[in-house]
Amino acid sequence: MPYTVSLISAYLKNLMEGQAPLRNLEVVGEISEFRRSGQLYFTIIDGGAKLPCVMFADSAARGLRCSLVVGLRVQVTGRITVYPQGGRYQLYATRVEEVGRGPLNEQLQQLARALKEEGLFDPEHKKPLPVFPKRVALVTADNSAVLEDMRRVFRERNPYISLVLSPCRVQGKGAAKEIILAIHRAERAGVDVIIVGRGGGSRDDLLEFSDEELVRTVYACEIPIVSAVGHEIDYMLIDYVADVQVQTPTAAAERVAFPIDEFLGTLVNYHSSMVTAVCREIDGSRERLSRLQQGLRYGSPSAQLTRHRETLRQSGQFLQRTLADSVRTASRNLSDAERELRDAVKGTLLSYRNRLGVLETGLAAMSPYRLLKQGYAFVTVDGKPVKGVRELTEGAVMQGYLADGQFTAAVLSVQPNEE
C-alpha cells in the first residue's frame, strides 16, 4: 500500500535521530547566513554543501562563545534532527565557537583588495544616471517576482520608458557567465541604463555577484549600471563597481524611472513662465517702438524740412526788412546792395540745403530699419539680446526680429569662430 508523507517523514526522523554518531557531533564550517528571531538561525557551508543550524536561547546563553557574523569560520557542537514540516534536516546547536575566518570569506577579501588597488572601485570612474532615460534594460531572471515588481514600478511612475528584458540566471554555479552575456546583450540593444537585480538570498546564493569577470564587465560597460541585489547585511563586489547601488530591484526602478506626472507639471510651469516672459518682452518692445516712432517722427526729413522752411520764411522776412532799410538808407548804392543781397541769399540757401542734406544722411544712417532692411536680424534668448554664438546652447529657443516681422527658431548647433 502507498505511504503517507507524514509516515515517511516520521520514519526518516526516527532513523536519523536514532543514529548515535549524529546525536553528539562537532561540525566545522563558514557562516553563510544568519538571522535572530527568538532563536538563532544560521547556515554553515564548506566547499560543497551547506548545513542549516538552529540554536535555542537557553543553549546560546550557555554555549555561544562568539558573535555570529557572515564569513566567520566556526565549530558547532550539537545533534542532527529532522524537521518534518519543512522536509529538511538541521543541526540543533548547543555550542558555537570561532575557529577563524572562512577560506571563502578570505578569498573574497583578497579579491576585493586587489580590485580596489587597481582602481575599479574609485568614485571618479562611476557614470551618472541619465535624468530622462528612454530605454532601460532589466538584467534578471525571466518570469520572476523581481521582474514583475520592476515592471510595475515603471508602469506606475513612467509608462513611456521602454523596458528591454535581458534574461539570465541569478543564482547557482555559472550564473555570473549568464549575467555577463545579459549585460552585453543590453549594451547591443542601445539602452540608456542597465539594472542588474535579484531578490536577495543567503550569502552563498549571492556569491556569483562577486565573480571577478562579472565585476570587470560592469567596470568596462559604457552604459550606467545599477546594482540592485536585494540584501542588507553583506555587499557583493558588483555593488562596489556599479555606477549606482541600491538595496532592492524595486528601489532601482524608482531611482531610474523619473515620475512623468511631476515632469509634465514642471513643463507646464516652464511654459507658463516662458509665456509670461515673452508677453512682458513684447510689451516692453512695443513701448520702446512707440518711443522710437516718436523720435523718428520728430527727426524725420519731412519734419526737419518743415522746420527749416519756417526758418527760411523767417529769414526771408528778416531779409526783406533789411532790404527795405538798405534801400531807404543806401538808395545811391542800390545796384551794389542788390548784388550783395542776392549773393547773401544764395549763400544762405546753399548753406541750409547742405546742412539739410547732412541731417538727412545722418538720420538715414541712424535708422535701425536700415540694417533690418539689409537682411540683418535682432535676436534674443529669454528676452536678452544675443551678442555672440558663445551665448547660445544647443536646443535654445531664439526670438528674432526682421524688417517685416519676427520669428522663433531653435538652435541646432553652435560653431564659434576660432580665436
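What follows draws every value from the coordinates through simple rules; no lab data is involved. All figures in this text were calculated on a predicted structure; none of them were measured in a lab. We place every Cβ from the backbone using ideal geometry, glycine too, and count neighbours over all the protein chains shown.
Structural remarks
- GNM result for the chain, Cα springs below 10 Å: residue of Val397, Val28, Val74 fluctuating most strongly: Val397
- Per-residue HN-Hα couplings for region 135-141 [Karplus 6.51, -1.76, 1.60; θ = phi - 60°; Hz; x = Gly/Pro]: 10, 10, 9, 10, 9, 6, 6
- Amide hydrogen neighbours beyond the local backbone of Val386, cut-off 5 Å, H modeled: Val379, Thr380, Val381
- Angle in degrees between helix 334-366 and the longest Cα principal axis of the chain, rounded to the nearest 10: 10
- For region 352-419, chymotrypsin sites (Phe, Trp or Tyr not before Pro) are listed when DSSP marks them as loop and at most 15 other Cβ atoms sit within 10 Å of their Cβ; the list is Tyr376.
- Label-reachable residues, region 32-69, where backbone N falls under 19 Å from a point 7 Å from Lys13's Cα toward its Cβ: 52-56
- Remark: Glu178, Glu156 ranked as Glu156, Glu178, counting other beta-carbon atoms within 10 Å and listing the fewest first.
- Note: relative contact order over the chain, using C-alpha pairs below 8 Å and six or more positions apart, is 9 percent.
- For the pair Asn417 and Ala365, label points projected 7 Å from Cα toward Cβ lie 2.3 nm apart.
- Close amide H pairs (under 5 Å, H built 1.01 Å from N) link Phe258 with no residue at least 5 positions away or on another chain.
- Listed by Cβ neighbour count within 10 Å, with the fewest neighbours leading, Leu296, Leu264 appear as Leu264, Leu296.
- In the chain, the calculated helix contribution to ellipticity at 222 nm averages -15500 deg cm²/dmol per residue, counting -39,500 (n - 2.57) for every DSSP H run with n ≥ 4.
- Once the chain from Gln85 to Asn269 is taken as fully extended at 0.36 nm per residue, the excess over their C-alpha distance is 60.2 nm.
- Additional length obtainable on full extension of the chain from Phe407 to Val69, 0.36 nm per residue less Cα span: 114.7 nm
- Rounded to 0.05, the FRET efficiency of the Thr4 and Arg35 pair, given R0 = 35 Å and the Cβ-Cβ distance, is 0.60.
- Pairwise FRET efficiency - Arg280 versus Ser315, Cβ, R0 = 51 Å, nearest 0.05: 0.55
- Candidates Ile80, Ile195, Ile223: whichever shows maximal mean-square fluctuation once the chain is modelled as a Gaussian network with Cα springs under 10 Å: Ile80
- At most 16 other Cβ within 10 Å, DSSP loop - chymotrypsin sites (Phe, Trp or Tyr not before Pro), region 87-175: Tyr160
- Here the Karplus curve 6.51 cos²θ - 1.76 cosθ + 1.60, taken at θ = phi - 60°, turns the phi angles of region 22-38 into couplings of 8, 7, 8, 9, 10, 10, 10, x, 9, 5, 9, 8, 7, 8, 10, 8, x Hz, with x standing for Gly and Pro.
- Placing dummy labels 7 Å off each Cα toward the beta-carbon, the span from Val131 to Leu22 is 6.4 nm.
- When each of Lys373, Lys173, Lys126 is scored by the number of other beta-carbon atoms lying within 10 Å, the sequence from fewest to most is Lys173, Lys373, Lys126.
- Taking amide H atoms as placed 1.01 Å from N in the peptide plane, the amide H of Gly29 lies under 5 Å from those of Val74, Val76, each 5 or more residues away in sequence or on another chain.
- Relative to the longest principal axis of the Cα atoms of the chain, the long axis of helix 103-118 lies at roughly 20 degrees.
- Computed on region 352-418, the Cα convex hull volume stands at 120 Å³ per residue.
- Pairs of Cα atoms nearer than 8 Å and 6+ residues apart set the relative contact order; for region 326-404 it is 24 percent.
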